[in-house]
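These notes concern the structure reproduced below.
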Amino acid sequence: TESFTEIFTRDRVLTYFGNSMIISIVTTALTTLFGSMAAYAVVRGPLGKRARSIFGIWFLVQKMYPAIATAIPVYLVMRTLGLMNPVWAVILPMVVSPFYIFLVRQYMVTIPQEMLEAGLMDGAGTVRTFLHIVLPISKPILGAACALSFADSWNMVEQPLIYLGNARDKLPLSAMFNDLSTQEMGVAFASAALYILPALLMYTYFQEDILLGIQLSDMK
């Protein structure tokens, strides 16, 4: 208990933890929002069957690339736009993720077309159909997307160190464990327990949704 008490009296540890919460929550919300919108546009938008197949292949190709493989191009873009060092430099590159678009798409293709046509016949436009019909039906897969996106952004190490290298006060806790490990062992382990807790709660709450997402994305 003394180690946990010492954590809460050290502003630096709580600052890093707060940075992790801000980055993860904002990234998760934007990733889920834009991912569901893009998936709906691909599945039910004014694209032909061939164009949708091309988009599907593009999503699969993009899934093969790890995020760190695009670190240099993203760094150059962020530097050109003048977005280096603010937390947006970490958030924006993760907002439009092919993996989550593909994940939500796999679920939305199972929604009966007749249900959407019934909404259009009742006077609901594209936006209203998306908000009041598609999103409620897609709640399980959106929960899976939220949990997985939160875990991705919560565990980032390389991206914050690259994009926030000159703003150490904005770094998340995941990127600062090397500094904490050089301090008292009790404080390091207490910090690790504090770090694990939010992701553990997310996985516990969205456990069934995550299993559904794994089945739909054919991950083994």
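The values are calculated or read from the model by the stated rules, or taken from the named source; none is laboratory data. In this text, all values refer to a predicted model and were calculated from it rather than measured experimentally. All Cβ positions, even for glycine, are placed from backbone atoms using ideal geometry, and neighbour counts span all protein chains on display. Please note that ligands, DNA and RNA were not included when accessible areas were found on the heavy atoms of the full protein model with its side chains. Shrake-Rupley method; radii C 1.70, N 1.55, O 1.52, S 1.80 Å.
Structural remarks
- Residues of region 113-140 that turn out to be open to solvent by less than 50 Å² (accessible area, probe 1.4 Å), farther than 26 Å from Ile210 by Cβ and polar (S, T, N, Q), as a count: 1
- Single match in Ile141, Ile72, Ile111, Ile91 (criterion: out of contact with any Asp or Glu (no Cβ under 9 Å at 6 or more places or on another chain) and under 22 Å from Thr28 (Cβ atoms)): Ile91
- Scanning region 163-172 for residues that are surrounded by fewer than 19 Cβ atoms within 10 Å (Cβ to Cβ) and among the aliphatic types (A, V, I, L, M) turns up just one, Ala167.
- The residue pairs whose first member lies in region 118-143 and is under 17 Å from Ile101 (Cα atoms), whose second member is outside any helix (DSSP H, G or I) and open to solvent by less than 100 Å² (accessible area, probe 1.4 Å), and whose beta carbons are closer than 6 Å, counting only pairs six or more residues apart or on different chains, are Ile137/Ile111; Gly143/Phe206.
- Listed conditions (1) touching a residue at least 60 places away in the same chain (Cβ under 8 Å); (2) part of a helix (DSSP H, G or I) are all met by Glu114, apart from (1).
- Index of the failed condition, Ile196 passing every other in (1) open to solvent by 70 Å² or more (accessible area, probe 1.4 Å); (2) within 18 Å of the chain's Cα centre (by Cα); (3) in contact (Cβ under 8 Å) with a residue 40 or more places away in the chain: (3)
- Of all residues in region 60-72 being under 22 Å from Met156 (Cβ atoms) and part of a helix (DSSP H, G or I), the one that is modelled with the highest pLDDT: Ile72
- In region 138-220, counting only helices (runs of 4 or more DSSP H) that sit wholly within it, the ones holding 1 or more residues that are of a type in the set (A, V, I, L, M), modelled with pLDDT of 75 or more and closer than 16 Å to Tyr16 by Cβ span 158-163, 185-205.
- Criterion (free of Cβ contacts under 8 Å to residues at least 60 places away in the same chain, of a type in the set (Lys, Arg) and either open to solvent by 70 Å² or more (accessible area, probe 1.4 Å) or in a helix (DSSP H, G or I) (or both)) met by exactly one of Arg79, Arg105: Arg79
- Sole residue being farther than 24 Å from Val26 by Cβ and in contact (Cβ under 8 Å) with a residue 40 or more places away in the chain, chosen from Ala190, Ala151: Ala190
- Residue within region 41-57 that is at pLDDT 85 or above, open to solvent by less than 80 Å² (accessible area, probe 1.4 Å) and assigned to a helix (DSSP H, G or I) present: no
- Any hit, region 150-157, residues being among the polar types (S, T, N, Q), on the phi > 0 side of the Ramachandran plot and open to solvent by 30 Å² or more (accessible area, probe 1.4 Å): no
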